Each structure stands twice: as structure tokens, then as C-alpha cells.
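Shown next, in C-alpha cells, is the structure this report addresses.
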Ligand code: URA
């Protein structure tokens, strides 16, 4: 190889080596002498060096109730300015403590127990129902009555999972009197906590159980018969609306439709169908 070619190749290799070392130094390696010019690693987008763009604002320790990704993107400093601090996710325990002995809406007056939610705090799959019923109010756990037993069968016999593998919560945390639908002011008081539960858990898929949960979560008025069986989006998380198990107790013929929705969920999660 002629001397000039060798020199050019060496220069190019040195340039690449310096770029690599600078990138490593910027990402925590302490041994590269300071003062060397720095910049992003060639060929890598700046996002590679920061938190995943899909992470909710809560993950970055910045709490917004609206919590949209757009807001998060605007609020996040540019990678070069970002302080190197460990990111922390709001824990469900902290959230539960914040709700406390809640009196934020009138539902508190009739409850025995506040029903926060149950299951794996890092679940890939989350079920969201409407609100606690009689049994849930007594036991402080969602979906433990007759409809709950059917949901448990869907999880254990249908999906071959345990209840403890998934997370189960409701739109409102206190039982509405006579199992009526939650009212606007009650939803407004409680929904921020469901948003924050979801942001903490970061499931891959949410199954919205019944008209009320699906319409509230997705902020749309589409009937459940049109929503079910189709994927929807909640802040970047896939949502599958399906019939409420209480409806299935009255209309067992529609169980096959729920099963076909659940099979879509299983396929999405890579579970054997
Ligand atoms: N129905 C719901 O929507 N949630 C429960 O927890 C129980 C019944």
C-alpha cells in the first residue's frame, strides 16, 4: 500500500477512535482527557443517549396530569443539557399513600373500603373496569364478585396467566351507590389517579372492560359494540375494549366475542394462543 494511502487510512481510523472515545466519555467513561472536542456519536441519533421517547413524563419525575407525550417532548431538555440523574418512576405505593383516606368526591361517604387496584406493578397487561361493586367494596380488591370470578377465569383458564401477573384497576376507586355509573365530578376526581397508575405500571396492553371504562379511558363516545375487537391508543399504549364480564353473565352467548378480543391481546403480548 502506498505511504499516502496508509497515512489516510490511519487518519480515518484515529478520527473514528476519537469519536468513539468521546462518545463513551460523554456517557460515563472517566478516562478520556478533558478538553477533547465532543459531540454526538457519529451515526447515532441524540435520542439514543436520552430516555426512551415513549416514556411518560412521570418517568422523568415530572408530573403532569394531562401527561401527553407532546408536553413531555417540549418539557424535556435537549440531551446535551440533561443532568445525569437516575430516572425514577412514581411507585404505586407512593400513589396509594397520596390518595390516602380520600374525600375528594362524594363517593367516599358510601364506601367501606377504597379499592385502589391489585396485581403486578410492572405488568405488561392491565385490565380497567368501571368501579367497585358490593363485594369489591367489602374486600378492598377489584373484580372479586361474580363478574370478577369470570374475569379471573378469562385470565387463568383462557390466558393461562395468574391474577398476580396482571394489574387490575377501575376508573373510580369507591363504590357508586346501587352500582350506578360514576358521575362527571366523581370521574374528574378519580381519573388522574388511574392515569398515574398506568404511567407507573407502563403496561404494553390495556383491556378496557365495558362501555364505561373504554369510553372514559379513550375519551370517546363510540359504542362498545363498535370499539371491541379493534385496537385503540391511550398515550402510546394499545387498548383493547371488550365487553364487561357482568354483561357476559347476562349474555353468555357473547363470550366468544370476548375470547376473540382476548386472543388478539395474547398475540400482541406474544402469549401462546
Ligand atoms: N365491576 C367493575 O367494573 N369493577 C369491579 O371491580 C367489579 C365489578
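The values are calculated or read from the model by the stated rules, or taken from the named source; none is laboratory data. Being a predicted model, the structure only gives us computed values, none of them experimental. Cβ atoms come from the backbone with ideal geometry, glycine included; neighbour counts cover every protein chain shown.
For the reader, a short list of remarks on this structure follows.
- Residues of the range 123-133 that are more than 9 Å from the ligand (Cβ to nearest atom) and surrounded by fewer than 24 Cβ atoms within 10 Å (Cβ to Cβ): 123, 124.
- Residues of the range 153-165 that are crowded, with 16+ Cβ neighbours inside 10 Å, without any contact (Cβ under 8 Å) to a residue 60 or more places away in the chain and farther than 27 Å from residue 101 by Cβ: 155 alone.
- When the range 167-192 is filtered for residues that are within 9 Å of the ligand (Cβ to nearest atom) and either surrounded by fewer than 20 Cβ atoms within 10 Å (Cβ to Cβ) or outside any loop (DSSP other than H, G, I, E, B) (or both), the ones remaining, listed by number, are 168, 169, 170, 179.
- If you check 199, 213, 164 for being touching a helix residue (DSSP H, G or I) at 6+ places or on another chain (Cβ under 6 Å) and not in a loop (DSSP other than H, G, I, E, B), only one passes: 199.
- Evaluation of residue 150 against (1) more than 16 Å from the chain's Cα centre (by Cα); (2) surrounded by fewer than 18 Cβ atoms within 10 Å (Cβ to Cβ) (one fails), failing number: (2)
- Qualifying residues in the range 217-245 (those that are surrounded by 21 or more Cβ atoms within 10 Å (Cβ to Cβ) and under 16 Å from residue 182 (Cβ atoms)) - the one nearest to the ligand (Cβ to nearest atom): 244
- Selection status of residue 192, out of contact with any helix residue (DSSP H, G or I) (no Cβ under 6 Å at 6 or more places or on another chain) and within 22 Å of residue 98 (Cβ to Cβ): yes
- Unmet criterion (only one of (1) more than 13 Å from the ligand (Cβ to nearest atom); (2) part of a strand (DSSP E or B)) for residue 208: (1)
- Total residues in the range 140-149 satisfying the condition of being more than 10 Å from the ligand (Cβ to nearest atom) and part of a helix (DSSP H, G or I): the figure is 1.
- The set of residues in the range 218-235 being touching a strand residue (DSSP E or B) at 6+ places or on another chain (Cβ under 7 Å) and assigned to a helix (DSSP H, G or I) consists of 218, 224, 227.
- With respect to being in contact (Cβ under 8 Å) with a residue 40 or more places away in the chain and either over 24 Å from residue 145 (Cβ atoms) or away from the ligand (no atom under 16 Å from the Cβ) (or both), residue 197 falls outside the description.
- Cβ-Cβ under 9 Å pairs, at least 6 apart or on other chains, the range 205-225 side on the phi > 0 side of the Ramachandran plot, far side part of a loop (DSSP other than H, G, I, E, B): 210/130; 210/243; 210/244
Here's the yes/no breakdown for (1) at pLDDT 95 or above; (2) out of contact with any helix residue (DSSP H, G or I) (no Cβ under 6 Å at 6 or more places or on another chain); (3) at negative phi; (4) more than 15 Å from the ligand (Cβ to nearest atom):
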position: 87; (1), (2), (3), (4): no, no, yes, yes
position: 95; (1), (2), (3), (4): yes, no, yes, yes
position: 110; (1), (2), (3), (4): yes, no, yes, yes
position: 116; (1), (2), (3), (4): yes, no, yes, no
position: 121; (1), (2), (3), (4): yes, no, yes, yes
